[in-house]
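Heads up: the structure comes next, in structure tokens.
The values are calculated or read from the model by the stated rules, or taken from the named source; none is laboratory data. From a predicted model like this one, the values you see are computed outputs, not experimental measurements. Neighbour counts are summed over all protein chains in view; Cβ atoms, including those assigned to glycine, are modelled from backbone coordinates with ideal geometry.
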Amino acid sequence: MGAVTYPDAKVAEFVNNKMIPIRLLSDAQPYAKDFNIKWTPSIITLDESGTEHHRVVGFLPPEEFIPTMMLGIAKVNFDLDRFKEALADLEKIIAKYPKSKATPEAIYLRGVSGYKSTHDPKTLKAAYEKLHAEYPDSEWAARALPYRLLP
Amino acid sequence: MAEIKWEKEMDAALARAKTEKKPILLDFFNPH
């Protein structure tokens, strides 16, 4: 990460503008124990109070790093019931990074966020239909399968 | 050259996160 991804200009700009970055050694205590670190890199998204919402273990190339971190930010907002903000984050991932490995999950979470904020099941069915049509082999298409039965 | 401005102390990162209302990117790494 330190040799390839973090020096990337777009990655650095994104991180400096959108997140508070902190790097710790993999044996830095008490944090390594608190976060149960077993392998590196472990890249974790925390909310403002330090609670974990998203984790990636292993290398991310620059083109995957930004949409993956955007998904982490969306999950922070989703978990804290900030659905309007989560939806805005997810829309950006889906529109700007259609080939990212993070995008199928973003589509799924957009459907759930839409349902949680409107109680309209059409958002869930729309998530299934987009996943089935565009990402049929993703695990998120499988997870959305029950939504095909919704009206 | 682009450079990420890493914090090195968790307390400092948490304080900035609250002030700037941003999530934290926490990277555990092994330099070896």
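A few notes on this one:
- Residue within the range A:29-39 that is within 9 Å of another protein chain (Cβ to nearest Cβ) and touching a helix residue (DSSP H, G or I) at 6+ places or on another chain (Cβ under 7 Å) present: yes
Here's the yes/no breakdown for (1) under 17 Å from the mean Cα position of the chain (by Cα); (2) closer than 25 Å to A:Pro7 by Cα:
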{"residue": "A:Lys92", "(1), (2)": "yes, yes"}
{"residue": "A:Ile107", "(1), (2)": "yes, no"}
{"residue": "A:Gly114", "(1), (2)": "yes, no"}
{"residue": "A:Ala133", "(1), (2)": "no, no"}
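- Residues of the range A:11-43 that turn out to be without any contact (Cβ under 8 Å) to a residue 12 or more places away in the chain, buried (at least 18 other Cβ atoms within 10 Å of the Cβ) and within 20 Å of the chain's Cα centre (by Cα), as a count: 6
- Just one of the listed residues (A:Ala95, A:Ala127, A:Ala106, A:Ala141) is assigned to a helix (DSSP H, G or I), at negative phi, at pLDDT 95 or above and touching a His at 6+ places or on another chain (Cβ under 9 Å), namely A:Ala141.
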